[in-house]
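What follows is a set of notes on a single structure, which appears directly below.
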Amino acid sequence: GNSSSGPGHASNSSPKSSAAASSSRPISSHPAAFPPTVPEQVLNDPGSTGVDGIAYSPNGTVLAAGDLNGGTYLWDTATMAARAPLRNPTGQGVYGVAFSPDGRLVAAGNVNSTHTKGSITLWNAKTGKLAAPLIDPGGTGVGGGVAFSPDGTILAAADGNGGIYLWNVATHQLATPQ
């Protein structure tokens, strides 16, 4: 038999011992393991103390960012021009943003820094007008994650009580089981 271990030849190590050997090696966290990169574009959130949530529209033409000052900013991805900010009427920081599957709505998961009731604001993505405010029934206001169902009929929103609330997008009421 041939004892070569190159491509197309048998090896002396079994798949089990080879897998065990490779999985026992630590992954390097040394900076050299991650070469520096340069972003294509840097977008600045005007007057922000930090951006916490970002999302692309389904067709990729708009980028939304939610900031801790209560603004949701929309950028045209072709020109990188910023639109007028969508200001949370309660002044709560925005911790999560999501577009509806059809791109018509932007949801912002808002957190009140005083830990009172949080909210979700639904915005018309094209006009920037407030479509509906949804008040967190859980009460803490800590959370902010938002996501639309694939068909866009339900909006899921997280809160700091460990609750996930499902909202009917058409009625702006908590969804009821079917």
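The values are calculated or read from the model by the stated rules, or taken from the named source; none is laboratory data. As the structure is a computational prediction, the values presented were derived from the model and not from experiment. Positions of Cβ are backbone-derived with ideal geometry, glycine not excepted, and every protein chain shown enters the neighbour counts. The area values use the complete protein model at the heavy-atom level, side chains included, leaving out ligands, DNA and RNA. Shrake-Rupley method; radii C 1.70, N 1.55, O 1.52, S 1.80 Å.
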- [ ] Using the structure shown, decide if Val111 is at pLDDT below 85, in contact with a strand residue (DSSP E or B) (Cβ under 7 Å, 6 or more places away or on another chain) and buried (at least 22 other Cβ atoms within 10 Å of the Cβ).
- [x] yes
TODO: Among the residues of the stretch 66-82, count how many are open to solvent by 70 Å² or more (accessible area, probe 1.4 Å) and within 16 Å of Gly103 (Cβ to Cβ).
DONE: 1
Open item on the list: When you scan the stretch 44-51, do you find a residue that is open to solvent by 20 Å² or more (accessible area, probe 1.4 Å), aliphatic (A, V, I, L, M) and either assigned to a loop (DSSP other than H, G, I, E, B) or at pLDDT 90 or above (or both), even just one?
Closed with: no
- [ ] Would you be able to say whether some residue in the stretch 53-65 is more than 17 Å from the chain's Cα centre (by Cα) and not β-branched (Val, Ile, Thr)?
- [x] no
- [ ] Tally the residues that are in contact (Cβ under 8 Å) with a residue 12 or more places away in the chain and over 16 Å from Asp102 (Cα atoms), restricting the search to the stretch 148-178.
- [x] 12
Task: Residue check for Leu63: open to solvent by less than 90 Å² (accessible area, probe 1.4 Å) and modelled with pLDDT of 85 or more - done: yes
Open item on the list: Can you tell me which residue is modelled with the lowest pLDDT among those in the stretch 121-136 that are touching a strand residue (DSSP E or B) at 6+ places or on another chain (Cβ under 8 Å) and open to solvent by 60 Å² or more (accessible area, probe 1.4 Å)?
Closed with: Ile135
